[in-house]
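Okay, so here's the structure we're looking at.
The values are calculated or read from the model by the stated rules, or taken from the named source; none is laboratory data. The model shown is predicted, which means the values in this text are computed figures rather than measured ones. Here the Cβ positions follow ideal geometry from the backbone for every residue, glycine too, while neighbour counts run over all protein chains shown. The protein model used for the area step is the full one, side chains on, heavy atoms only, and it has no ligands, DNA or RNA in it. Shrake-Rupley method; radii C 1.70, N 1.55, O 1.52, S 1.80 Å.
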Amino acid sequence: MTTSPKLDARIPEGTLEQKWTKYRSTVPLVNPANKRNLEIIIVGSGLAGASAAAALAELGYKVKVFCFQDSARRAHSIAAQGGINAAKNYQNDGDSTYRLFYDTIKGGDYRAREANVYRLAEVSANIIDQCVAQGVPFAREYGGMLDNRSFGGTQVKRTFYAAGQTGQQLLLGAYSALQRQVGLGQVDMLTRHEMLDIVNVDGKCRGIIARDLVSGKLERHFGHAVLLCSGGYGNVFFLSTNAMGSNVTAAWKAHKKGAFFGNPCFTQIHPTCIPVSGDHQSKLTLMSESLRNDGRIWVPKRKEDADAIRAGKLNPNDLKEEDRDYYLERRYPAFGNLVPRDVASRAAKERCDAGFGVNQTGEAVYLDFAFNMKYKYGKKEATKKGIQNPTEEQLTELGKAVVKEQYGNLFDMYQQITGVNPYENPMMIYPAVHYTMGGLWVDYNLMTSVPGLYALGEANFSDHGANRLGASALMQGLADGYFVIPYTIGAYLSNEIRTRAIDTNHEAFEAAEKSVRERLEKLKNINGTKTVDYFHKRLGKIMWNQCGMARNAEGLKQAIADIQSLRAEFWRDVRVPGGVNEFNPELEKAGRVADFLELGELMCHDALNRNESCGGHFREEFQTEEGEALRDDENFGYVAAWEMTGDANWELHREDLKYENIKIAQRSYK
Amino acid sequence: MSGNMNLTLKVWRQKNKDDRGKFETYPVQHISPDMSFLEMFDVLNERLINEGKDPVAFDHDCREGICGMCSMFINGRPHGPLQGVTTCQLHMRSFRNGDTIVVEPWRATAFPVIKDLAVDRSAFDRVISAGGFISVNTGNAQDANSIPVPKDDADAAFAAATCIGCGACVAACKNASAMLFVSAKVSQFALLPQGQAERQERVLSMVAQMDAEGFGSCTNTGACEAECPKGISLSNIARMNRDYIGAQLSTQKA
């Protein structure tokens, strides 16, 4: 297998340890006087976008940031719960840059680039330093030092956190840095704006068309470079843990204008989410992976007990220890409840499909804190307080206070959504769509296949392979924004110092705006009989059933046909109320769902092409006897980069993945 | 739709910021008690669209109570009847079958209505731009553990930092004061060693911007604290007032 000539990853020469250090010191620079004349457009204000905007503005570039929300602080990074990984080795438990690199590659089931991941591990420590300097209030120990917790797929404690709202604290840190630059006039912040196309001039990306969501007006913006930091596309499934507004539109428009899409079928289904309760549901809610530090996952050993629990005849608290099946601890003794997400999700599905599910739909397992509340925290507190021979009730009470401090906001959220008190009863959880490892294909500089167009954070495909480890999304978003792009963008912009700002009356801007306008008018004028949500829900069902936790060739082929006909129906029969030139949330949604209807098809093509199982991509035809994912490194050890060659037509380009520093093996957590 | 609750909604409808606006009444049927308040609005909007009418515009995004985008003044209270809960996390089981529910936008001069229940809260961003940060450029930081922070201080800073910037404090206040929001950010940094260098300048700049945005004064009523979905404490306001007076007396810039 050889890499397609259209894909040059531009990975620097040298040993793994030297690549970034050396590259960073030799990448061309732009002098401060020239930076002032170079304009950079950033789409999205989450961890990647806000950190890139702040860092680039600090360097002196002229930056414009766009977000569809009413403030940069609302970006969905805010909802990340558990934490952020960094190879600080503060716990003295054997962590190192290499180990974080190794865990990430292995966790991703050997489908990520070595050089990118090593760089990520290298800069991880700087991120924590930067955030602390910004005043991000991470959790601390009594001596005033930073605390860590464990996450899945690792055997060290390297996750920094702020209760169950780490994403919020990190984003507010980046947002503060961004707003500081807004105040200094270095950043022009355009909220309630949505990017609806990129503009290419002479083969380079030179700007965007954006819609002012309040007035409905289309605007043209020039940039010497454009950074897409627009997040993932989990909402193609309708029900996901993503925010309602999270969408693929920016990335998809770029894809349609030449940016290749990498590994679109690599979707992360998160094992611990609040189960679906009914048709009315608009989204699913995550219960952080950090809960698996202290929560033990189980279902009843016997089917009759599961039946009794479902019928409400048996209280799970009354089920004896020996009648419970702690199936993760049973199947994966080395990692136990802390196996990676893809493994934990499949194991939950396996038990539920076998009839051991514990809620009315049969699609839920328990995440139980009673044991650790009592015996881990309760005992510790009792010893600290000098309580001799504490009763079981005392232990529970003492432990509850600790659990509340660690996860209070998550427990409150659970109770609010389900109406059940998780301090008294085990949580019920089930896997749900959470994150997309796939995204725009980028080279080592984070540049897409369109010169001058970059993708950062979840919007790119680069670092997580076929499965992302917990607490690594925040790490990647901030690494890309604070510590990678400020250097790598020099490789491109140093050649652009003679490029004057292009007048937005240029014909390329004219044409792009015209096509955006026509599409909006078209959506508006269909005037059919079904709402946007009606189509979105149907698309979500197809994707979840055929391209979700388990996939097979037949189902994927069916899904492709179903999506094609659903897309045709959408363009014939959708109803979008209101006008184009006004505040119109339904019109925004319609445009996003129209893009999802195209993306969904590509995801199915990609899943169908990949005749192996790896990470979150589980093809039923390819599994070991024990039901684990069966990779085919020889034939599929590549990144699938899809080029759009026409309407719903794609050509596949392969980037061969070479492992020079890691011995590639079947992933085992047993 | 699988539910048995029937409700009457009185919803504020306003085309744009210049429109006068008025209440419209909408009956909604077959609402499940497990729905969130916003999902109930999804049901209403789905119906309005099918009837060829204009759906109700409202802000929302994460629906997990953390992004701060959702608002809605429900039966006279921001984010509705529960304490410590945002509108997106408010579920219909908190209401009774047959209830009439009145829903309005945040009302404050500094938060002009965009449409219906959506308001413009960009004043908050400008207050942050005025000083809600620590001036440290990327790459300047020393090792994170080189500054020990006592756990209690870190916890208190975190508690202040959990503000989601939703604006409920402003909506709850009879003066439309933003003191709780501003003081939460001032406190977060005032409690941390990293925030000391700019402590005085920060509070002066942020308060000046807050006043310039047209927020009202604080009269220590405490409605903001009572209605804050994240339980931000009134003691932050006391800390900010103390810092402000101190800064005014001691800096040459004041």
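Per Stokes-Einstein, at 20 °C and 1.002 mPa s, what whole-number D in µm² s⁻¹ belongs to the stretch B:121-250, with the Kirkwood radius over Cα pairs as the hydrodynamic radius? Calculated translational D: 143 µm²/s. Spin-label model, A:ILE497 to B:ALA226: label points 7 Å out along the Cα-to-beta-carbon direction sit 6.3 nm apart.
Applied to the stretch A:211-219, the Karplus parametrisation 6.51 cos²θ - 1.76 cosθ + 1.60 on θ = phi - 60° returns per-residue 3J(HN,Hα) values of 10, 6, 6, 7, 8, x, 6, 8, 10 Hz, with x for Gly and Pro.
What do you get for trypsin sites (Lys or Arg not before Pro) in the stretch A:176-262 restricted to DSSP loop and a cutoff of at most 15 other Cβ within 10 Å of the site's Cβ? Filter output for the stretch A:176-262: A:LYS217. Comparing the full protein assembly with the isolated chain (1.4 Å probe, heavy atoms, ligands and nucleic acids excluded), the residues of the stretch A:175-217 losing at least 50 square angstrom of accessible area are A:SER176, A:GLN179, A:ARG180, A:ARG192.
Note that the stretch A:272-432, at 20 °C in a medium of 1.002 mPa s, gets a Stokes-Einstein diffusion coefficient of 132 µm²/s from its Kirkwood radius over C-alpha pairs.
Please check: in the Gaussian network model of chain B (C-alpha springs, under 10 Å), which one of B:ASN137, B:ASN16, B:ASN50 has the largest mean-square fluctuation. Residue with maximal mean-square fluctuation among B:ASN137, B:ASN16, B:ASN50: B:ASN137.
In this structure the amide hydrogen of A:CYS614, modeled in the peptide plane, comes within under 5 Å of the amide hydrogens of A:ARG619, none closer than 5 places in sequence on its chain. Proximity of backbone amide H atoms, modeled 1.01 Å from N, is registered between A:TRP650 and A:THR645 at under 5 Å, excluding neighbours fewer than 5 places apart on the same chain. Of the residues B:THR138, A:SER515, B:CYS224, the one whose Cα sits farthest towards the positive end of the charge dipole of the protein assembly as shown is B:CYS224 (charges of +1 on Lys and Arg Cβ, -1 on Asp and Glu Cβ, taken about the Cα centre).
Shape analysis of the stretch B:5-115 based on the Cα gyration tensor places the equivalent ellipsoid semi-axes at 20, 18, 13 Å, largest first.
Surface exposure of the stretch A:272-432, expressed per residue as accessible area with a 1.4 Å probe, stands at 41 Å².
Note on the stretch A:272-432: with neighbouring protein chains present and a 1.4 Å probe, carbon and sulfur make up 48 percent of its accessible heavy-atom surface. To put it simply, the accessible area of chain B at a 1.4 Å probe is 48 percent carbon and sulfur.
In the stretch A:510-644, the convex hull through the Cα atoms has an average projected area of 9.9 nm², a quarter of its surface area. Taking amide hydrogens as placed 1.01 Å from N in the peptide plane, the amide H of B:MET72 sits under 5 Å from those of B:TRP106, each at least 5 positions away in sequence or on another chain. For chain B, set up a Gaussian network in which alpha carbons nearer than 10 Å are linked by springs, and say which option among B:PRO229, B:PRO55, B:PRO148 fluctuates the most. Highest fluctuation among the options: B:PRO148. For the protein assembly as shown, a Kirkwood radius taken over Cα pairs fed into Stokes-Einstein (25 °C, viscosity 0.890 mPa s) yields D = 88 µm²/s. Treating the stretch A:167-264 as a set of equal point scatterers at the Cα positions, no solvent, please give the Debye-formula log₁₀ I(q)/I(0) at q = 0.16, 0.20, 0.21 Å⁻¹. The Cα Debye sum returns log10 ratios of -0.89, -1.26, -1.31. Calculated accessible area for the stretch A:481-607 comes out at 40 Å² per residue, all protein chains present (probe 1.4 Å; ligands, DNA, RNA ignored). Contact residues in the stretch A:402-421 by the 30 Å² criterion (accessible area, 1.4 Å probe, full protein complex versus chain alone): A:GLU405, A:MET413, A:GLN416, A:ILE417. Taking both sides together, the accessible area buried where B meets A is about 6000 Å² for a 1.4 Å probe. Here the gap between A:SER25 and A:SER215, fully extended at 0.36 nm per residue and compared with their Cα-Cα distance, gives a gain of 63.8 nm. Comparing mean-square fluctuations of B:GLN89, B:GLN14, B:GLN196 from a GNM of chain B with C-alpha springs under 10 Å, the top value falls on B:GLN196. Counted residue by residue at 0.36 nm each, then reduced by the alpha carbon distance between them, the extension gain from A:ALA648 to A:GLU17 reaches 223.0 nm. Size estimate for the stretch A:3-131 follows the Kirkwood approach: the inverse of mean 1/r over distinct Cα pairs works out to 17.4 Å.
Assuming charge only on the beta carbon of Lys and Arg (+1) and of Asp and Glu (-1), the dipole of the protein assembly as shown about its Cα centre is about 1200 debye to the nearest 20.
Computed from phi, the 3J(HN,Hα) profile of the stretch B:121-128 under the Karplus parametrisation 6.51, -1.76, 1.60 (θ = phi - 60°) reads 9, 5, 4, 4, 4, 5, 5, 5 Hz, with x in place of Gly and Pro.
Computed from the C-beta positions of A:MET145 and A:PHE371, the FRET efficiency with R₀ = 41 Å rounds to 0.90.
Computed 3J(HN,Hα) for the stretch A:117-123, one whole-Hz value per residue from the Karplus formula 6.51 cos²θ - 1.76 cosθ + 1.60 where θ = phi - 60°, is 5, 5, 4, 4, 5, 5, 7, glycine and proline marked x. Stretching the chain fully between A:LYS313 and A:LYS670 yields a gain of 125.0 nm (0.36 nm per residue, less the alpha carbon separation).
Taking Cα atoms of the stretch A:357-464, Rg/Rh with Kirkwood Rh, to two decimals? We get a ratio of 1.25 for the stretch A:357-464.
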